[in-house]
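The values are calculated or read from the model by the stated rules, or taken from the named source; none is laboratory data. As the structure is a computational prediction, the values presented were derived from the model and not from experiment. Positions of Cβ are backbone-derived with ideal geometry, glycine not excepted, and every protein chain shown enters the neighbour counts.
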Amino acid sequence: MKPLLKFLQYTRSYFFIDAYPYFAWVANQDTIPLDYALFQSQTSDNFVDPGSKLIYTTLLDQMLDATVAAMHKLGYGDVPLAISETGWPNGGGAGANVDNAATYNRHLALRMTKNPGTPARPWAKIPVFVFSLYNENLKPGAATERYWGMFYPNGTSVYEVDLAGKHYYPPVPPPDDDGNHHQTGKGVWCVVATGKPVNETTVLAGLNYACGKGGSATCAAIQPGGACFEPNTLDAHASYAFNSYWQKFKKTGATCSFNGVAETTTKDPSHGSCKFSTSSDQTVKGKWCVLDSGKPVNETAVEASLNYACGQGGKATCAAIQPGGACFEPNTLDAHASYAFNSYWQKFKKTGATCSFNGLAKETMTDPSHGSCKFPTSSDQTVKGEWCVLRTGKPVNETLVEAGLNYACGKGGPATCAAIQPGGACFEPNTLDSHASYAFNSYWQQFKKTGATCSFNGIAVKTAKDPSHGSCKYPTSPK
């Protein structure tokens, strides 16, 4: 390092460094406040250097002056600094969303045009290069590697920013889990427009487009046996497909139009066990286990742990990341590993499993779900509702239970019992009473509005205790 610094000093050249407060913050979230990393530090967040007694209000300044101190120790404290790369990701990891990226780069531009110095070098002029211009959606590695751009690959802007630091922007509101803003407690869906005559040719064309362009997972739920196959009508299937496609691609410019046959709605179109994905402002409280994005990725170790989770956890653990599954996309090692780690941990943590996977994983309170891909969690928030399950406390008449199970699955349609088929999220534990409880509840939730009762010849009972477990979710209607 000394020969390099000597050369830079002699030629009066800059020492270029990549300075990414994001990586420092994401690896030390318990000790570094997010506002301190985003140029929004409050007085309580400021850091006083114990040696120099200098006060730091931003993490970037602290990182730059740490480099200055190291050069000074080697005898080259007068070599000027330049930032070759800095920025904040707009997706792909904890704290990586559009709002934080916009906040960082807007404040960076404002700060560097008005007061580019640091506490140790208040006089310094520091050239800055922002990384990057475009999101790189095909870039390998950690998920955040693909989301540093100020523009999407199609040329549309991810967020507004004036790198000259002259434009005023209103304060950015706090982001929700998907990085967007919605009315509190509400969601927005895209469905077939009501109140106008249905042009079946246009609707069918829109349906085929959404399913074709969106990938197999977009319309998996409306295939025979899927949770949303019933009612088997064009408008019902089109509404699901329109919404699934729009939720998946609206961040990259997709609109809820489909040649004028679709519209947005704030009324949840979900029904029974058929859940329409949405972007909601309501925070999901819970814990998840995901790949640690703040560490270098050892692909061999990640792949080994992924195989362990899928192999030891049973087929259902990784069903969603198989081709056609709701979480197959993005088809990357880190995305699949995060899903597998979490699914295994949620399933076995009560029996001692830890979120470690040889140090590759970490717990997070930021929901990693995206689009129609839902990561299971154990929430601290009580789920209120009613479920219909096999009655306990009595000897089980297996003949009656099996008859009730067959009735529920037969009369309810293929979707009623899809989750308890081999590979389904509720196949394990593979016992008669477990499968019957799921089938009874699924049938009752679907038909109770039309008079169905939770009886099944006296062997079922209603409960206010959620019988869901791991990635197996029992549908419910709030009490």
> Looking at Ala340, Ala309, Ala301, which is the one that is at pLDDT 85 or above, touching a Gly at 6+ places or on another chain (Cβ under 9 Å), under 22 Å from Pro429 (Cβ atoms) and of a type in the set (Gly, Ala, Ser)?
Replying inline: Ala340
> In segment 1-45, which helices (runs of 4 or more DSSP H) lie fully inside it and hold 2 or more residues that are under 18 Å from Gly93 (Cα atoms)?
Replying inline: 21-27, 34-37
>> Show the residue pairs meeting these rules: Cβ distance below 7 Å; 6+ apart or different chains; first residue within segment 359-372 and at pLDDT below 80; second residue part of a strand (DSSP E or B).
In response: Met365/Lys287; Asp367/Trp288
> So which residues in segment 206-218 are modelled with pLDDT under 85 and in a helix (DSSP H, G or I), if there are any at all?
Replying inline: Gly212, Lys213, Gly214, Ser216, Ala217, Thr218
> Out of all the residues in segment 438-446, is one or more at pLDDT below 90 and not in a helix (DSSP H, G or I)?
Replying inline: no
> Any idea how many residues of segment 70-119 are in a loop (DSSP other than H, G, I, E, B), at pLDDT 95 or above and of a type in the set (A, V, I, L, M, F, W, C)?
Replying inline: 3
> Pick from segment 320-335 the residues that are small (Gly, Ala, Ser) and out of contact with any Lys or Arg (no Cβ under 9 Å at 6 or more places or on another chain): which of them is nearest to Ala143 (Cα to Cα)?
Replying inline: Ala335
>> Looking at segment 463-479 only, could you name the residues that are buried (at least 17 other Cβ atoms within 10 Å of the Cβ), at pLDDT 80 or above and not in a strand (DSSP E or B)?
In response: Pro467, Ser468, Lys473, Tyr474, Pro475
>> Within segment 109-116, does at least one residue satisfy the condition of being touching a strand residue (DSSP E or B) at 6+ places or on another chain (Cβ under 7 Å) and without any contact (Cβ under 8 Å) to a residue 40 or more places away in the chain?
In response: no
> When you look at Ile55, is it surrounded by fewer than 20 Cβ atoms within 10 Å (Cβ to Cβ), among the β-branched types (Val, Ile, Thr), closer than 24 Å to Asp292 by Cα and in contact (Cβ under 8 Å) with a residue 12 or more places away in the chain, yes or no?
Replying inline: no
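Here is a yes/no grid of residues against (1) within 30 Å of Cys190 (Cβ to Cβ); (2) exposed (fewer than 15 other Cβ atoms within 10 Å of the Cβ); (3) modelled with pLDDT under 80:
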site	(1), (2), (3)
Lys248	yes, no, yes
Gly253	yes, yes, yes
Cys256	yes, no, no
Gly260	yes, yes, no
Asp281	yes, no, yes
Gly313	no, no, yes
Cys318	yes, no, no
Tyr344	no, no, no
> Which of the residues belonging to segment 61-116 are crowded, with 19+ Cβ neighbours inside 10 Å and among the basic types (Lys, Arg)?
Replying inline: Arg106
>> Here is a check on your reading of the model: is Pro3 surrounded by fewer than 21 Cβ atoms within 10 Å (Cβ to Cβ), modelled with pLDDT of 90 or more and not basic (Lys, Arg)?
In response: yes
